[in-house]
2 protein chains.
Amino acid sequence: MGNDLDAGTPTDMGERPTLRTVAQATGFAVATVSRALAGDPRIAEATRAKVAEAAKRLGYVPDRAARRLRTGRTQVISLLLNTEHEFLGFTHEVLSGITEALAGTGYAVTVVPDSPGEDRLAPVRTILRNNLADGMLFTRTEAFDPRVRLLMEADFPFVSHGRTEFTTPHPWVDFDNEAFARAAVERLVAKGRSRLSLVLPGEQFTFTQHLRYGFVSAARAAGIEYEIVAGVTLDSPTREIAEALTQARRGPTPPDGYVCVGEVTAMVTLAALADTGAVHGVDADIVAKRASPIFDNIRPRIDTVFEDLRATGRTIAGMLLRRMAGEPPEGLNMLFHPDPPR
Amino acid sequence: MGNDLDAGTPTDMGERPTLRTVAQATGFAVATVSRALAGDPRIAEATRAKVAEAAKRLGYVPDRAARRLRTGRTQVISLLLNTEHEFLGFTHEVLSGITEALAGTGYAVTVVPDSPGEDRLAPVRTILRNNLADGMLFTRTEAFDPRVRLLMEADFPFVSHGRTEFTTPHPWVDFDNEAFARAAVERLVAKGRSRLSLVLPGEQFTFTQHLRYGFVSAARAAGIEYEIVAGVTLDSPTREIAEALTQARRGPTPPDGYVCVGEVTAMVTLAALADTGAVHGVDADIVAKRASPIFDNIRPRIDTVFEDLRATGRTIAGMLLRRMAGEPPEGLNMLFHPDPPR
DNA sequence: CAAGGGATTTATAACGTTTCAATACCCGCA
DNA sequence: TGCGGGTATTGAAACGTTATAAATCCCTTG
C-alpha cells in the first residue's frame, strides 16, 4: 500500500473522499462504485465486497448535497415547532424521541417555527414548494387541519400528532385524551367529589373535543355536576387562568374536583386553591396529566396520569420513516392509552 | 406577456423555476441571472432590476442542494441537543429563540442528539467530516470543552452557551451565574438566614464553578455557614436529590436558606421542606433561578431570578451568523446579567 | 480610422451523485 | 470460426448552481 504517488490526482489525502476516490482506489469506474455501494444485484458479488472494503477503509460517506441534487430526495425531516410559550418538557421530550428514532437512518431533523397566530400553512407551503424535506411532523392538530389537507393533496409524507376528522386516512399518533378525561373523572368521583371543573385547550384542536367528550360523558354517567371553565384556554396566560379559577372558587358552589390537562394548569389550580383558603385533599382534589417526573416533587402530592412524550416522538418519527418508504397510510396509526392514574 | 409558446422547453409551467427559467424569461444568460440575483455590481443596474422582477414574478427560489454542492456552504446550523431528561422549558425556549433569529436568513436549524454519557465529540466530528453544517451551537459547556478545542482547531464557526477557560478567544453567550449565586445569598442573608445550602450541576461544567464561587464567596463575606450538598448533582434523579435534602434537614443544624439553580430543584426543595415538617418562609427560605413563568403559580411563592432563555437562543444564533459572516471571535461574547431577585 | 479599454455579458467547467444506454466480456452452441 | 445472449462494467449526461476566463459591445482617444 504505502503512499500512492502514482495517483497524482488533485484529490489528495486529507480531502474528503468521493466516489472518484473509491473508484481510483479499486480500479472500477465511478458508476460501478455507486451501484456497488447501493447494493445493486447487477454488480458482481466480488466487486461489491471489494468496493465496500475500500469505501470503509477510505472513510467514504456520500455527499448529501450531490445526492440531493441528483435524486431530489433531501434526507431531511421537518418538525413544525409551535413557538408559543410552553413550560414543561413537551418539545424536549418529543424532539429527543424523534432524534432517537432517526439515529443511524441518515435523516436529519430540521426545526421550523410554526407561529400560532400566523398562517399555519405558510411554513408547509415553503417546504413543499422549495423541496426542503422528504417528510413532515407536527403537533396541535385541528379537526380539519388545513396542513393535513394540503399535504394529502400534495401526497407528501407526514405524520400528525393528533387525529383529524377527515375521512381520507392519514398517518397519526395520538394519546387517548378521552380515556384520560374519563379516568380522571372516575378517579375524582371515587374520592367522593361531585362538582368537577376542567380548563380546555383551544376549541380548534381535535384533542380538545376528545377531552370534552370524555369529561362530560363520564360526569353525566356518574350523575354529578361539572363545568368547563369559560373564557380561558390552556394557552391563555397563566394569570388569566388563575383569575378564572379563583373567581369560580369564590362562587356559591365552588368545584371540589379538578381535571388538569397539563402540569402548568395543575400548578395554577393548586395556587388557586391555596389563595382561596382551600386545602387540597380536603376541600378539593386534582387529577392531572403528567409528561415529566416533576409531579413526584410537588407537595401536596396530586394524582397524575402519565403521557410518554418521548415514546410519542419515537413513534411519529418511526411511522414517518415507514410512510416515506412507501407504506400506505391506512395502517399507520397509533393511539397511546393512559396508564391507570396513581 | 401571454403564453410563451415559443419556449417549447421541457421546463413547463408548474415545474419549480430554476435559473434557466428566469434566464429564458428575461433573455439573459444563466450566468448573468445568477450574478444579477447575487447583486454583483458588474451587472448593469437595468439588468439587475429586470432579472429581479422576473425572478419574483416566477417565484424563483434558489435550489439549496445545487448551491450547497457548488459552494460547499450548507446553509445549515446544527444545534447539539442534550437528550437527558429535562423538565422545564430550556430546550423549547432556546430553540424558539434560535429559530426567531434565523427567520428570513435562509439558514435551517438541524437538531443533533448529544448523548451525555457518550463521546461528546462524535457528533461534532461527524458534522465536520461530512460537512453537514456551516456553524454549530451547543450548551452545557465545560471548562476545557473538547468540542470547543476541536472546533477552534478546525476553524469552524460556533457559539457555545457557556464560557470555557481556554486562553484563545471564542464566541460565547452566558448567564452570569456567579452574580446570580451571590445575589441569591445576599437575598437570603437579608432575610436573616445563616445556614445556606446549594445543589450544584456536574463538576465538569464551567457554570458550576461560577455558581460555586459566587455562593461561597458571598456566604463567606456575610460570615455565615454554607454547604454544598454532597453526592448529588442537578442531573441526579430527583428522587436522589430529594433524599439528600431530606437527610440534611434531619441533621442537628438543618439549613435555613436554599439557593436553587433550577425550577426542578426548587420544587424538590419545597417538597423536602414539607416532608420534614418545615414551613417555607418560617423555617427556611428559597431563592431560585427561573426560566419560565411557572413560579408565578407556585404556592408558597418563592423568590426567583429570571434567566431569559429565549433571548439567549436569539443571541447565540445571531452571534453565530456574525461569526459565519467572518467577524473575528474577539468581540463575540455576551454575558446576561440577572435581574434583581423578586 | 484603428486601436485601446472599460463596461457588460456569456460560454463553459466544475461540484458529487445517480441512471440511461451502450459497451466489453465470456460462454456455449451452431 | 462466428454468433447469439446473458453477465458485468462503463461512459456520459444530468440535477441547478457559481466562478473562471473569455467574448462582445460601445465609446473614447491618438
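Structure above, values below:
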{"read-out": "Nearest-first distances (nm) between copies at residue B:66, label 7 Å from Cα via Cβ", "value": "1.8"}
{"read-out": "Longest DSSP-loop-exposure-free segment, GluC sites (Glu not before Pro), chain B, at most 15 other Cβ within 10 Å", "value": "B:204-342"}
{"read-out": "For residue B:235, distant residues with modelled amide H under 5 Å away", "value": "B:202"}
{"read-out": "Total formal charge among the other residues, if their Cβ is under 11 angstrom from that of residue B:145, Lys/Arg +1 and Asp/Glu -1", "value": "+3"}
{"read-out": "Relative contact order of the stretch B:177-306, defined on C-alpha pairs under 8 angstrom at six or more residues apart (%)", "value": "26"}
{"read-out": "Proximal lysines relative to residue A:289, as straight alpha-carbon distance under 18 Å, when same-chain residues fewer than 8 apart are discounted", "value": "A:191"}
{"read-out": "Quotient of Cα Rg and 2.2 N^0.38 Å for chain B, N being how many residues it contains", "value": "1.32"}
{"read-out": "Max mean-square fluctuation residue, GNM over chain B, Cα-Cα springs under 10 Å, options B:117, B:281, B:223", "value": "B:117"}
{"read-out": "Mean separation of Cα contacts under 8 Å, 6 or more apart, over the residue count of chain A: relative contact order %", "value": "18"}
{"read-out": "Cut-off 13 Å between beta-carbons: net charge of the residues surrounding residue B:318, Lys and Arg +1, Asp and Glu -1", "value": "+2"}
{"read-out": "log10 of Debye I(q)/I(0), alpha-carbon scatterers only, for the stretch B:241-291 at 0.19, 0.21, 0.24 Å⁻¹", "value": "-0.54, -0.66, -0.85"}
{"read-out": "About the Cα centre, charge dipole magnitude for chain B (Lys/Arg +1, Asp/Glu -1 at Cβ), debye", "value": "760"}
{"read-out": "Rg/Rh (Cα only; Kirkwood hydrodynamic radius) as it applies to the protein assembly as shown", "value": "1.02"}
{"read-out": "Distances in nm from residue B:117 to the matching label points in the other copies, shortest first (labels 7 Å along Cα to Cβ)", "value": "4.4"}
{"read-out": "Within 10 Å of each Cβ in A:294-301, the average number of Cβ atoms from other chains", "value": "6"}
{"read-out": "Pair-distance profile P(r), taking every C-alpha pair of the stretch A:121-180, with 10 angstrom steps and integer %", "value": "21, 56, 19, 4, 0"}
{"read-out": "Gaussian network model of chain B, Cα within-10 Å springs - most flexible of B:176, B:283, B:308", "value": "B:283"}
{"read-out": "Positive-end residue, the protein assembly as shown charge dipole about Cα centroid, Cβ charges, pick of B:77, B:268, A:231", "value": "B:77"}
{"read-out": "Distances in nm from residue B:217 to the matching label points in the other copies, shortest first (labels 7 Å along Cα to Cβ)", "value": "6.4"}
{"read-out": "³J(HN,Hα) computed for each position of the stretch B:288-295 - Karplus, 6.51 cos²θ - 1.76 cosθ + 1.60, integer Hz, glycine/proline x", "value": "10, 7, 10, 10, 9, x, 4, 6"}
{"read-out": "Formal net charge of residues neighbouring residue B:159 (Cβ-Cβ distance under 13 Å; K, R +1; D, E -1)", "value": "+1"}
{"read-out": "Net dipole in debye of the protein assembly as shown [+1 Lys, Arg Cβ; -1 Asp, Glu Cβ; about Cα centre; nearest 20]", "value": "1240"}
{"read-out": "Furthest towards positive pole of dipole, A:47, B:325, B:217, structure part the protein assembly as shown, Cβ charges", "value": "A:47"}
{"read-out": "Under Karplus coefficients 6.51, -1.76 and 1.60, residue-wise ³J(HN,Hα) of the stretch A:23-30 in Hz, glycine/proline x", "value": "4, 5, 5, 9, x, 8, 7, 4"}
{"read-out": "If the convex hull is drawn through the Cα atoms of the stretch A:11-150, its volume per residue in Å³", "value": "163"}
{"read-out": "Radius ratio Rg over Rh of the stretch B:151-197, counting only Cα atoms, Kirkwood formula for Rh", "value": "1.27"}
{"read-out": "Distant-in-sequence amide H partners of residue A:195 (H built 1.01 Å from N, under 5 Å)", "value": "A:256, A:257"}
{"read-out": "Amide H contacts under 5 Å for residue A:74, placed H, 5+ residues apart", "value": "A:134"}
{"read-out": "Selected from B:177, B:130, B:82 as most flexible by GNM, with chain B as the system and alpha-carbon contacts under 10 Å", "value": "B:130"}
{"read-out": "Where labels lie 7 Å past Cα in the beta-carbon direction, separation of residue B:130 and residue B:301 in nm", "value": "5.2"}
{"read-out": "Three semi-axes of the equivalent ellipsoid, the stretch B:37-117, Cα gyration tensor, whole Å, largest first", "value": "38, 15, 10"}
{"read-out": "Debye log10 I(q)/I(0) at q = 0.19 Å⁻¹ for the stretch B:71-220, Cα point scatterers", "value": "-1.20"}
{"read-out": "Given charges at Cβ of Lys, Arg, Asp, Glu: the protein assembly as shown dipole, positive-most of A:259, B:252, A:164", "value": "A:164"}
{"read-out": "Rounded to whole Å, sorted largest first: equivalent-ellipsoid semi-axes of the stretch B:177-306, Cα gyration tensor", "value": "18, 17, 16"}
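FYI, it's all coordinate maths here, none of it is from the lab. Bear in mind that the values here come from a model prediction, so they are computed numbers and not experimental data. Don't worry about glycine lacking a Cβ; one is built from the backbone with ideal geometry, like all the others, and counts go over all protein chains shown.
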